[in-house]
Amino acid sequence: MAKPTLRTKLCDILGIEYPVILAGMGGVSRHKLVAAVSEAGGLGIVGAATMGPDELRDEIRKIRELTDKPFGVDILLPAMAPTPQGASTASGGGRGEGDIPRNWRDMLPAPQLEFAASLRSKFDLPDVAPEFPTPSGRRERTIFGPGFTRSQIDTILEEKVPVFASGLGNPAPYVEEFHAAGAQFVTIDNVGKWWALRLAADGKSPGIDVVVLGGEHGDLPLKPHVGAMIADLIVDQGISAIIDISDWIDAEQRKFVGDFATRLFQRKKRDVSPLHLVLEEAQDFIPQKGFPKGTPEEQRIASRMAHAIHRIVKVGRNYGLGVSLLSQRAAS
């Protein structure tokens, strides 16, 4: 019997079997875990933020001993363009050639610098330059980013890692370089900077292969009242989306899911291109024993949500809308 798969566009882009990506967790996402995730059909990603080139190269080669499946490496990128080799990192400020900061302080927002200065004044602390690891392994007074990041990137390119990922910083200066080497570029935008979206906005800069969005500063932040709008976005753009509302209270979850499922069904009645909805922890949304009693408004929201889901289950396939309800507590 054929092995069941949940295949999305993400799988085709990254060459994986399931749309599952391991977070590049520092100290945790190392070769054994990365290889296990990739072997299982997902995308394992090394958390390499603090790894120098030798350690990183060793991790990459250990992964290749354990799997021939795609994997990636996640490092931290500077928020601004990398300092050229030889640029000053002395404590004096100023800008270098091409308006590139020479001092680590020039890369930090003013409010953070002012807050640090207030703490130094309050507790009578000295003003010192930070020490960061360098590619040689020695701790020197330098910017955490330019030389160190460059050595990491060179190692990733030399080892021909198929996927590069970054969850912090500006990917713009590096995208073309990785694309030229045949690597996929993944941005995990967890603070709402929207770096990758800005890259493609002018139609000139290279785009990112995969963008994982987060944060509260987007045009459509994930809030209880935007369920219908997100359904519209998915249908209009033909995109895949993973929506995590597990930390919301029950009323917020039911409001969102009810609006989302209602609009999704309405839109699919006019657009019959295939779309599949997967609802995890389904027992929370259509419990067999019914919802606990609440206020009349809470009961109305819960009833509307359950009706919307039942309608998709019963007749959604007539409009190209499939659904999978997943639960580990089916009798709840």
Is it the case, given these coordinates, that L77 is at pLDDT 55 or above and either out of contact with any Pro (no Cβ under 7 Å at 6 or more places or on another chain) or among the β-branched types (V, I, T) (or both)? no
Got a sec? Which of Q299, Q266 is under 30 Å from the mean Cα position of the chain (by Cα) and not aliphatic (A, V, I, L, M)? Q266
Considering residues that are assigned to a loop (DSSP other than H, G, I, E, B) and more than 15 Å from A308 (Cβ to Cβ), the number found within the stretch 245-270 is 6
For residues in the stretch 8-39 being over 18 Å from the mean Cα position of the chain (by Cα), surrounded by 15 or more Cβ atoms within 10 Å (Cβ to Cβ) and outside any helix (DSSP H, G or I), which is modelled with the lowest pLDDT? E17
Would a scan of the stretch 263-281 turn up a residue that is loosely packed, with under 14 Cβ neighbours inside 10 Å, free of Cβ contacts under 8 Å to residues at least 24 places away in the same chain, over 22 Å from Q328 (Cβ atoms) and not acidic (D, E)? yes
Test each condition in (1) more than 19 Å from Q237 (Cβ to Cβ); (2) touching a strand residue (DSSP E or B) at 6+ places or on another chain (Cβ under 7 Å); (3) modelled with pLDDT of 90 or more for L326 and report the one that comes out false. (3)
Would you mind telling me which numbered condition in (1) touching a Lys or Arg at 6+ places or on another chain (Cβ under 9 Å); (2) farther than 30 Å from D12 by Cβ; (3) acidic (D, E); (4) modelled with pLDDT of 85 or more D124 fails? (1)
The residue from G316, G294, G238, G258 that alone is surrounded by 12 or more Cβ atoms within 10 Å (Cβ to Cβ) and either under 25 Å from C11 (Cβ atoms) or under 25 Å from the mean Cα position of the chain (by Cα) (or both) is G316
Which one of the conditions (1) modelled with pLDDT under 90; (2) of a type in the set (V, I, T); (3) within 23 Å of E280 (Cβ to Cβ) does V191 fail to meet, given that it meets all the rest? (3)
Can you say whether V323 is in a strand (DSSP E or B), surrounded by 15 or more Cβ atoms within 10 Å (Cβ to Cβ) and without any contact (Cβ under 8 Å) to a residue 60 or more places away in the chain, as far as the supplied structure shows? yes
Restricting attention to the stretch 287-299, does a residue exist that is more than 23 Å from D244 (Cβ to Cβ), assigned to a helix (DSSP H, G or I), of a type outside the set (S, T, Y) and out of contact with any helix residue (DSSP H, G or I) (no Cβ under 9 Å at 6 or more places or on another chain)? yes
If you take the residues of the stretch 215-244 that are β-branched (V, I, T), over 15 Å from P274 (Cβ atoms) and in a loop (DSSP other than H, G, I, E, B), which of them is modelled with the lowest pLDDT? I242
Those residues of the stretch 271-286 which are assigned to a loop (DSSP other than H, G, I, E, B) and β-branched (V, I, T) amount to V272, I286
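The values are calculated or read from the model by the stated rules, or taken from the named source; none is laboratory data. These numbers were taken from a predicted model, which means no experiment stands behind them. Note that each Cβ is placed from the backbone with ideal geometry, even for glycine, and that neighbours are counted across all protein chains shown.
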